[in-house]
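Working notes, beginning with the structure itself.
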Ligand code: HAM
């Protein structure tokens, strides 16, 4: 039986890699300009970190985690997201002591056992961006500015920013109770998931996509009317700064997100081109998470971009040639000088290749063409007798003889210049 990739996982094949390298380069470049430094944390952690960090009642923790017992009996989980692991590292290494306004980002694979479909995988990748120790609404607005700038740096022009405030520990509990009471009335007619959430995690009802529930949800009390004065002021200032920075947004009181750690600002960026899985990026403020995971009382704000979804949105790049000089030694005596020239060219930074199988001249020319070679360097009997290489310029369809002693310099000049 053929062994295939596990359902929900996918290979990123060489043809897709240029887009991935572009988005990785854009991340390093852009985030450096905003003062972020990279951090790399393990792909598995103690299960309790995620249960406590993301919320025991969330879909991620109840249904989607890859959890296994280690040989010593401890329970480990493949990270379903990056924030909890980064917070653990920040606490463990006291990073806040040396940097009270800590800005970090991470790139890597995440794991969620969701139903696979276009743009939704069981192993997927995120760029995750986090800022600690900053309570001002300015950092919420800057975080959103970074998110938008990143998408634009990757060539994504069509996107929509959706924004909400989910309140904090002072105003949200009362709102959640109001919501729970309102939901009791509708319980019998709601979908099964909402019936369960109405009791365990009423905010999540607002995220329900079941068509029959939409009318009822639109009629529910809105968090916007239940924010305390501090949350209202904070949110108003985030919105004002976004306007100042020229970043358009749409408010949605239903944007509650699938992780429990958020307070105040939440945001997502959507793209109509993605189909059902239309969120390319999501984030918000999570003051209190560092404390809940055993650290000091430190504010946090961040977001994560789904890189598979981003790659789907990126404009197709020109496919670049992979070879500068293709060497064609036509006789067995020509092989040695060709191998030495190939090494010298590569050492000089030139992408040089030859066909180690020594196939026919015609098939070698085909191969050179397929690799996008700019030049083919031919060494046959005739050339050897005259002490030259024939250099064929593939773009111009021109040929010239170059003396053996000058061949390396000649090809270096032609390809680097
Ligand atoms: P999230 O909304 O769960 O947030 O995920 C962020 C992004 O990851 C989504 O917008 C989506 O593009 C991508 N994503 C999520 N699940 C999948 C999947 N199964 N397949 C493909 N892509 C997926 C977080 O993870 C938070 N940790 C973000 C954050 C950082 N908040 C504060 N700091």
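Of note:
- Equivalent-ellipsoid semi-axes for the chain (Cα gyration tensor, √(5λ), whole Å, largest first): 55, 23, 21.
- Cα long-axis angle, helix 17-33 against the chain (0 to 90 degrees, to the nearest 10): 60 degrees
- Percentage, to the nearest whole number, of Cα pairs in segment 1-120 over 20 Å apart: 58 percent
- Shown for 103, 2, 222, 370: other C-beta atoms within 10 Å of each C-beta, ranked fewest to most, produce the order 2, 370, 222, 103.
- DSSP bridge pairs, segment 325-416: antiparallel proportion in percent, nearest 5: 55 percent
- Computed from the C-alpha gyration tensor, the three semi-axes of the ellipsoid equivalent to segment 210-274 are 22, 18, 12 Å, from longest to shortest.
- Pairwise label distance in nanometres, residue 229 with residue 181, each label 7 Å out on the Cα-Cβ vector: 2.4 nm
- GNM flexibility winner over the chain from 339, 183, 227 (Cα, springs under 10 Å): 339
- Among 70, 213, 401, the residue with the largest mean-square fluctuation in a Gaussian network model of the chain, with springs joining Cα atoms closer than 10 Å, is 401.
- log10 of Debye I(q)/I(0), alpha-carbon scatterers only, for segment 115-258 at 0.10, 0.13, 0.18 Å⁻¹: -0.45, -0.75, -1.19
- Each peptide in 378-387, 121-130 gets a packing score, the mean of other Cβ atoms within 10 Å over its residues, and the list from highest to lowest is 121-130, 378-387.
- Computed over segment 1-72, the ratio Rg/Rh where both radii use C-alpha atoms and Rh is Kirkwood: 1.08
- Ranked by the mean number of other Cβ atoms within 10 Å per residue, highest first, peptides 349-355, 41-47 order as 349-355, 41-47.
- Comparing 120, 359, 291 in a Gaussian network model of the chain (Cα springs below 10 Å), the most mobile by mean-square fluctuation is 359.
- Rg then Dmax, both in Å and based on the Cα atoms of segment 106-186: 17.8, 48.
- What the Cα convex hull of segment 227-312 gives, in volume per residue, is 128 Å³.
- Degrees separating the helix 229-244 axis from the principal Cα axis of the chain, which is the longest one: 30 degrees
- The label point for residue 393 and the one for residue 366, both projected 7 Å from the Cα toward the Cβ, are 2.8 nm apart.
- For segment 325-416, the calculated P(r), taken from all Cα-Cα distances in 5 Å bins from zero up to the bin holding the longest distance, is 3, 15, 29, 29, 20, 5, 0 percent.
- Between the helical axis of 407-416 and the longest alpha-carbon principal axis of the chain there is an angle of about 30 degrees.
- Cα centroid of segment 143-162 to Cα centroid of segment 51-73, whole Å: 31 Å
- Spatial extent of segment 173-291: Rg and Dmax, with the Cα atoms as the point set, Å: 15.4, 46
- Once the Kirkwood radius over Cα pairs is known for segment 259-417, the Stokes-Einstein relation at 37 °C and 0.692 mPa s delivers a diffusion coefficient of 163 µm²/s.
Just so you know, all these numbers are worked out from the coordinates, no wet-lab data involved. Keep in mind it's a predicted model, so treat the numbers as computed, not measured. Backbone-built Cβ (ideal geometry, glycine too); neighbour counts: all protein chains shown.
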